[in-house]
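The values are calculated or read from the model by the stated rules, or taken from the named source; none is laboratory data. The structure displayed is predicted, hence computed values, not measured ones. Here the Cβ positions follow ideal geometry from the backbone for every residue, glycine too, while neighbour counts run over all protein chains shown. Keep in mind that these areas ignore ligands, DNA and RNA; they rest on the heavy atoms of the full protein, side chains included. Shrake-Rupley method; radii C 1.70, N 1.55, O 1.52, S 1.80 Å.
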Amino acid sequence: GLYKAESIAFLSAVSFFDLQLLIRMDIDALWIARGLEDEAIAYFQEHPNTGMMGAFPHSEEGYEWPRALIQRQMGFRGWLSGPKRHALLRKLVDTARSKGYKIGEHVIGGASILSPKFIQKLSDQGWLLRDEIYRMKLQEDHLFSLLCRAAGLEIGDFGAPGKPMSIAWRGLYEPPQALLDGGKKLIHSTRGYKDINEDQVRAFFRERRERESRPEIATT
């Protein structure tokens, strides 16, 4: 369902807006500081062949599950259960691998930044609202990372030290103040950090926003 919903959103975005980027966020992601969009736009301008950005692990940690699912659907049983899906998936994977894709590689789900070039390619290639793609049953982050590489585009790591994203599968990698001190601007997941629950995480950032938005009172 998420693939279909995002397909509609991407088609609408590319049809009605002059995009410089598109930021997609899960409901437990949070934008915590200013300047993210400026950094992302500058990165796309400096690296025009980048299609999407996020926390992109290079160690292949976490590749196992999507790799096994993709390989299973590319096998004989995958062909028996869905010949059209099988044919399209093999084509996508073969094309992506010819451009350096490792089966299962992906940005970590939770939040990602897409370039208008990538969204346009998704539309032009007919890869949105496609039943064969919907039936691949891949998670959103696995699927769009594959499509990005099949489109001949690169994936940028915006989650490395010094970069503005901190994306963990469950909870936060660091306490809220440490994320701010480290220059992070988009985080996932607000579900908590150690003994800090989601309400407390959100209250911390809410209080900070409210404090920054208050006009300064002149004193004499």
Open item on the list: Using only DSSP helix segments of four residues or longer, with each worth -39500 (n - 2.57), what per-residue ellipticity at 222 nm results for the chain after dividing by its residue count and rounding to 500?
Closed with: -14000 deg cm²/dmol
Task: Solvent-accessible heavy-atom area per residue, rounded to whole Å², over the chain at 1.4 Å - done: 54
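Can you put 97, 206, 170, 85 in order of accessible area, largest first, using a 1.4 Å probe? Let's see the in-between values first.
Values: 97 135, 206 105, 170 180, 85 25 Å².
Putting 97, 206, 170, 85 in descending order of accessible area: 170, 97, 206, 85.
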Open item on the list: Given a 1.4 Å probe and heavy atoms of the protein chains only, how would you sort 31, 65, 169, 127, largest accessible area at the top?
Closed with: 169, 65, 31, 127
TODO: Work through the residues other than residue 100 whose Cβ is under 11 Å from its Cβ and net out their charges, Lys, Arg +1 and Asp, Glu -1.
DONE: +2
Open item on the list: Roughly how far apart, in whole Å, are the Cα centres of region 125-150 and region 67-106?
Closed with: 11
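Can you tell me what percent of all Cα-Cα pairs in the chain are more than 28 Å apart? Show your work: numbers first, answer last.
Numbers: 8328 of 24090 pairs.
Of the Cα pairs, 35 percent sit more than 28 Å apart.
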Task: Charge-dipole axis of region 79-181 as Lys and Arg at +1 and Asp and Glu at -1 on Cβ define it, positive-most pick from 93, 106, 143 - done: 93
Task: Highest-fluctuation residue, 113, 167, 41 considered, GNM on the chain with Cα pairs under 10 Å - done: 41
Open item on the list: Could you work out what % of the accessible surface of region 74-170 is carbon and sulfur, using a 1.4 angstrom probe and leaving DNA, RNA and ligands out of the count?
Closed with: 49
TODO: Can you grab the distance from the C-alpha centre of region 156-170 to the C-alpha centre of region 17-31, Å, no decimals?
DONE: 15
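Show 117, 194 ordered by accessible area, largest first, where the area counts protein heavy atoms only and the probe is 1.4 Å. Walk me through the intermediate numbers first.
Numbers: 117 90, 194 175 Å².
Output order, biggest surface exposure first: 194, 117.
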Open item on the list: Could you tell me the relative contact order of the chain? Use alpha-carbon pairs under 8 Å, at least six residues apart, and round to a whole percent.
Closed with: 29
- [ ] First select every other residue whose beta carbon is under 11 angstrom from the beta carbon of residue 2; then total the charges, Lys and Arg +1, Asp and Glu -1.
- [x] -2
Task: Cross-link reach list, aspartates and glutamates versus residue 137, counting only Cα pairs under 18 Å and skipping chain neighbours closer than eight places - done: 6, 64, 105
Task: lysines with Cα under 27 Å of residue 163, excluding same-chain neighbours fewer than 8 positions away - done: 99, 102, 117, 121, 184, 185, 194
Open item on the list: Suppose every Lys and Arg Cβ carries +1 and every Asp and Glu Cβ carries -1, with no other charges. What dipole size does the chain come out with about its Cα centre, to the nearest 20 debye?
Closed with: 920
